[in-house]
Amino acid sequence: MYCMNCGVKLGQGEEKCPLCGLKAYHPDLARTPGPSLYPREWHAPEAERSGWRYLLTVFFLVAAGACAIVDFLLKEGMTWSGFALAGLATGYVILVLPLWFTRPNVVIFLGIDFTAVGLMLLYIDLKVQGGWFLSLAFPVTALYGVLVTGFAAVVKYVRRGRFFQLGGGCIVFGCSAMLLELFLHITFGTRMFAWSLYPVAILSTVGLFWILAGLIRPLGDAIRKKTFL
Ligand SMILES: [Zn+2]
């Protein structure tokens, strides 16, 4: 059996093409359940991953050490290197930490990443006595941490209703712009509704389109055929 769309060879039990996603269904052929000819998910070989994680760990350690030493040698007593170290630590958590796990769970790691960014911003705010952490940095990191992690969790664990997920996501992210503007308003006294209604309007329109695609079968089918959603 071969895929009608891309021509790849398919296992007898295959329900859809693993390459392009086209449904492999023929009404006259009985489907015998059997193993797929292709792996369901692709993971980088262990050797390649472990090479990268050691290399990147050494790079981050050398960069951190260099910053601390240079700052110390200039005898200004750890002035800017604190920021550099905070940035490097955050970068390490986001880029390298997942490489230490065989199958990093994207939902958990997004939560960790947003926490790391929040802690870095807390450090900077305390260092410069900016006074913007509680009213801006914390609520905004928390807001987008919850939204992005929640959206990733829905996409990962809820297999049905992709159009509604996409539409709902667009509308929620669009509306979050108003909260972002509110926190800026509280912190810096900038004018309310100066720009936030544009993303609200644009993303809500896009979101409504996806929801319509979920409600109207022919429209949804037409999009599904083009995009393999
Ligand atoms: Zn195919």
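Condition check ((1) among the small types (G, A, S); (2) outside any helix (DSSP H, G or I); (3) free of Cβ contacts under 8 Å to residues at least 12 places away in the same chain) across all residues:
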position	(1), (2), (3)
A86	yes, no, no
T102	no, yes, no
V117	no, no, no
A177	yes, no, no
L180	no, no, no
Query - The listed residue being more than 25 Å from G174 (Cβ to Cβ), of a type outside the set (F, W, Y) and more than 15 Å from the chain's Cα centre (by Cα), out of A84, A137, A116 - result: A84
Requested in this report: May I ask you to verify whether L29 is part of a loop (DSSP other than H, G, I, E, B) and either more than 14 Å from the ligand (Cβ to nearest atom) or at pLDDT 80 or above (or both)?
Outcome: yes
Query - Residue count, the range 93-112 (criterion: polar (S, T, N, Q) and over 18 Å from T57 (Cα atoms)) - result: 1
Report summary line: Residue pairs qualifying under the 9 Å Cβ cut-off, at least six apart or on distinct chains, with the first in the range 10-22 being closer than 11 Å to S36 by Cβ and the second being more than 7 Å from the ligand (Cβ to nearest atom) and part of a strand (DSSP E or B), are L10/Y2; L10/K16; E15/K23; K16/K23; C17/K23
**Report entry** Among (1) surrounded by fewer than 17 Cβ atoms within 10 Å (Cβ to Cβ); (2) within 20 Å of the chain's Cα centre (by Cα); (3) aliphatic (A, V, I, L, M) - the single one L219 does not satisfy
**Finding:** (2)
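Could you please find all residues in the range 1-26 being small (G, A, S) and more than 10 Å from the ligand (Cβ to nearest atom)?
Within the range 1-26, the first condition is being small (G, A, S), and the residues that meet it are 7, 11, 13, 21, 24.
Across the range 1-26, the qualifying residues are G11, G13.
The values are calculated or read from the model by the stated rules, or taken from the named source; none is laboratory data. All values reported here derive from a predicted model rather than from experimental measurement. Please note: Cβ atoms are built from the backbone with ideal geometry, for glycine as well, and neighbour counts cover all protein chains shown.
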